[in-house]
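The block underneath contains the structure these notes are about, expressed in structure tokens.
The values are calculated or read from the model by the stated rules, or taken from the named source; none is laboratory data. Nothing here was measured: the structure is a model prediction, and the numbers come from that model. In this analysis, Cβ positions are derived from the backbone assuming ideal geometry, glycine residues included, and neighbour counts consider all displayed protein chains. Just so you know, the surface numbers come from the protein's heavy atoms only, side chains and all, with ligands and any DNA or RNA stripped out. Shrake-Rupley method; radii C 1.70, N 1.55, O 1.52, S 1.80 Å.
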Amino acid sequence: MDMGTLAPEPEVICSKHYFKLGLKVSGKEKSAKPRVLSLLSTLLERSIKNTESLLESTKRKDVITIFHGSRAPSLGIEQYLDRIFKYSCCSPSCFMVAHIYMERFIECTSAHLTSLNVHRLLITSVMVAAKFIDDAFYNNAYYARVGGVTTKELNKLEMKFLFGLDFQLHVSVPTFGSYCSLLEKEGTVGLQIDRSIQACRISESWSNKDDSTCAQIAR
């Protein structure tokens with residue numbers, strides 16, 4: 001699914017938000033952590049907290065999906081995003097596109113983003129985004145090692161995710177720009193963005209070690 005670089009050009013969107021999120025990097029900035037990772041993790045954590053509180057207060061049970069784990073991993077969302085960014089070598093824009101994909105998936109499937117599924121949704125959405133917008137990307141076996149799941153499982157997650165999106169992977173320039181603007185507001189104003197997303201923690205225990213080996217999941 002190598003479709004070439006389809007990420008919107010920074011000049012077309014809003015360059016102010018684009019650069020502030022770290023979506024345009026070059027030279028010495030290439031190894032720096034893009035701001036989008038911190039903002040996205042904050043947004044996801046808040047969304048999960050609100051969703052889980054709502055589910056608990058209303059005594060509603062979440063629908064278990066293939067993305068759910070039996071318990072939350074020890075690796076936090078921001079740490080997990082940092083790990084994916086470090087070892088996947090995907091462009092920063094992939095994380096914005098992955099965020100859009102996750103919201104689409106949640107909306108289309110009526111699922112809830114909780115601490116039990118957020119990690120699997122993240123590694124799957126980032127991998128799909130990288131395949132769709134980056135010129136170069138790794139195979140599923142490599143992403144599985146980075147994400148702490150088996151290749152067989154990631155293959156299943158990818159297919160479930162794609163069918164959940166009805167294979168609608170294109171993100172228009174206006175949509176991309178809107179998400180950039182909203183995420184920037186999340187960081188500058190602390191504005192709580194009402195999202196349909198709900199994150200989950202995986203059933204396995206993810207490694208906290210900062211190394212190139214896969215984060216093994218405890219079964």
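What to note about this one:
- Subset of segment 106-159 that is in a loop (DSSP other than H, G, I, E, B) and of a type in the set (D, E, K, R) - its residue that is farthest from Ile84 (Cα to Cα): Asp135
- Whenever a residue of segment 147-160 is among the acidic types (Asp, Glu), its partners that are part of a helix (DSSP H, G or I) and modelled with pLDDT of 95 or more, lying with C-beta atoms within less than 6 angstrom and at least six residues away or across chains, give the pairs Glu158/Thr124.
- Checked against (1) modelled with pLDDT under 95; (2) part of a helix (DSSP H, G or I); (3) under 17 Å from the mean Cα position of the chain (by Cα), Ser181 meets all criteria but (3).
- Residue among Pro10, Pro73 that alone is open to solvent by less than 60 Å² (accessible area, probe 1.4 Å) and modelled with pLDDT under 85: Pro10
- Exclusive hit being farther than 17 Å from Gly147 by Cα, free of Cβ contacts under 8 Å to residues at least 12 places away in the same chain and open to solvent by 10 Å² or more (accessible area, probe 1.4 Å), set Thr42, Thr58: Thr58
- Apart from one condition, Ile100 fits all of (1) open to solvent by 10 Å² or more (accessible area, probe 1.4 Å); (2) farther than 15 Å from Gly148 by Cβ; (3) in contact (Cβ under 8 Å) with a residue 12 or more places away in the chain; the exception is (1).
- Sub-7 Å Cβ pairs linking a first residue in segment 75-90 that is among the aliphatic types (A, V, I, L, M) to a second residue that is open to solvent by 10 Å² or more (accessible area, probe 1.4 Å) and not in a helix (DSSP H, G or I), at least 6 apart or interchain, are Leu75/Ser207; Leu75/Asn208, ordered by first then second residue.
- The test for being modelled with pLDDT of 85 or more and in contact with an Asp or Glu (Cβ under 8 Å, 6 or more places away or on another chain) does not hold for Gly164.
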